[in-house]
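Asks: Just passing along the structure, written as C-alpha cells.
Computed from the coordinates by the stated procedures, all read-outs in this text should not be read as laboratory data. Small disclaimer: the values here were computed from a predicted structure and weren't measured. For neighbour counting, all protein chains shown are included, and Cβ atoms are generated from backbone atoms with ideal geometry for every residue, glycine included.
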Amino acid sequence: MCAEGHFPIFGSMTNAQLASIQWGLFLSVVFLVPQLFFRQLTFRSATITTYASMLFAATFLPLQTVPPRQAVQPVPFQWVADTLRDGQIAFDQMTLNVLLFVPLGAMLLFWGGRTIGQAALIGYGVSLVIEGSQLAWANRIFDVDDLITNTTGTALGWLGALAVVKVYARATTASVTAAEHRPLAGVR
C-alpha cells in the first residue's frame with residue numbers, strides 16, 4: 001500500500017473502493033449459495049445477483065462514519081470543476097459511476113427487451129432510489145451528477161449490448177450464407 005492509502009496493483013483505487021469490492025463479492029456469495037443449494041442458480045440469476053450485490057456495496061458500503069461536508073450536490077456537471085480543483089479523483093469517480101451502470105443497460109436489452117428510452121428511464125429511477133437512500137440511510141451525498149452519469153452508463157450499456165447483438169447477427173448470417181454456398185464434398 002502506498003503512503004496515499006492507494007493499492008499500487010489497482011492503480012488509484014482507495015481503501016474504501018477496495019472494501020466495497022470485497023463487500024460486494026461477499027454479498028454475492030451469501031446470496032448465490034442458497035440459489036445453488038436449492039438448485040435455482042442459472043446464469044441469469046447469478047449475473048443479476050452478483051450485479052445487485054456489487055451495486056449495493058459500491059453505493060452504500062463501507063458505511064461512512066464521518067458526515068459529508070454537504071448533504072446535497074445540486075449543480076449539474078460539478079465533477080468538471082472538482083476535477084480541475086482536485087485532479088484525477090473526481091474524474092475517476094465520474095467514470096466509475098458510468099461504468100457501474102453499464103451492466104444494467106446491457107441486462108435491460110438482453111433480458112428485458114427494453115428500448116433505449118425505457119432503459120435510460122429505469123437507470124435514472126434506480127439511480128434516484130440509490131441517491132435518495134444514500135441521503136437518508138448511508139450518510140452520503142445526494143449528487144445530481146450521479147443521476148446523470150448513472151443514466152448515461154445505463155444508456156451506454158444498452159448501446160453496447162445492441163452492438164454485440166448486431167455483430168453476432170451479422171457473423172451468424174455470414175456463417176450460414178457461407179455454409180450454404182460451399183460445395184458438398186464428393187457431389188458432382
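Asks: Can you give the angle from 0 to 90° between the axis of helix 15-37 and the longest principal axis of the chain, with both taken from C-alpha atoms, to the nearest 10?
Replies: Between the helix axis and the principal axis of the chain, the angle is about 50 degrees.
Asks: Let me ask another. Using 0.36 nm per residue, how much length does the chain from A174 to I89 gain when fully extended, once their Cα-Cα distance is taken away?
Replies: Numbers: separation 85, 0.36 × 85 = 30.60 nm, distance 4.52 nm.
Contour length minus Cα-Cα distance gives 26.1 nm.
Asks: Now for a separate question. Working from Cα positions, state the angle (0 to 90°, nearest 10) between the long axis of helix 144-181 and the longest principal axis of the chain.
Replies: Once rounded, one gets 10 degrees.
Asks: If you find the alpha carbon centre of the range 11-32 and of the range 52-131, how far apart are they in angstrom?
Replies: For the range 11-32 versus the range 52-131, the Cα centre distance is 16 Å.
Asks: What's the longest uninterrupted piece of the chain once you rule out the chymotrypsin sites (Phe, Trp or Tyr not before Pro) that are loop residues per DSSP with at most 14 other Cβ within 10 Å?
Replies: Numbers: sites that count: F38, F77, W111, W137.
In the chain, the maximal stretch lacking such sites is 138-188.
Asks: Which whole-Hz ³J(HN,Hα) couplings does the range 122-135 yield from phi under the Karplus relation 6.51 cos²θ - 1.76 cosθ + 1.60, θ = phi - 60°, glycine and proline marked x?
Replies: With the stated coefficients, the range 122-135 comes to 5, x, 5, x, 4, 5, 5, 4, 4, 4, x, 5, 4, 5 Hz.
Asks: Please state the charge dipole magnitude for the range 68-188, taken about the Cα centre, from unit charges on C-beta atoms (+1 on K and R, -1 on D and E), reported in debye and rounded to the nearest 20.
Replies: My answer is approximately 680 debye.
Asks: Tell me the angle of helix 43-60 to the major Cα principal axis of the chain, expressed in degrees between 0 and 90 and rounded to the nearest ten.
Replies: The answer is roughly 20 degrees.
Asks: Cut-off 10 angstrom, C-alpha nodes, Gaussian network model of the chain. Which of V98, V144, V72 fluctuates the most?
Replies: V72
Asks: Round to the nearest 0.05 the FRET efficiency obtained for H181 and F37 when R0 = 45 Å and r is the Cβ-Cβ distance. Don't jump to the answer; show the numbers that get you there.
Replies: Details: r = 50 Å, r/R0 = 1.12.
Efficiency, rounded to the nearest 0.05: 0.35.
Asks: State the label only: which of (i) 18.0; (ii) 19.1; (iii) 20.4 corresponds to Kirkwood radius over Cα pairs in Å computed from the shown model?
Replies: Correct label, based on the coordinates given: (ii).
Asks: Mind listing which trypsin sites (Lys or Arg not before Pro) in the range 35-115 are in a DSSP loop and have 10 or fewer other Cβ atoms within 10 Å?
Replies: On the way: sites: R39, R44, R69, R85, R114; in loops: R39, R69, R114.
Within the range 35-115, the qualifying trypsin sites (Lys or Arg not before Pro) (loop, at most 10 other Cβ atoms within 10 Å) are R39, R69.
Asks: Taking amide H positions as placed 1.01 Å from N in the peptide plane, with prolines and chain starts having none, which residues 5 or more places from D143, or on another chain, fall under 5 Å of its amide H?
Replies: For D143, whose amide H was placed from the backbone, the distant partners under 5 Å are Q73.
Asks: Which whole-Hz couplings ³J(HN,Hα) result when phi for each residue of the range 66-79 is put into the Karplus expression 6.51 cos²θ - 1.76 cosθ + 1.60, θ = phi - 60°, listed in order with x for Gly and Pro?
Replies: Working through the residues one at a time gives 9, x, x, 4, 9, 8, 9, 10, x, 8, x, 6, 4, 4 Hz.
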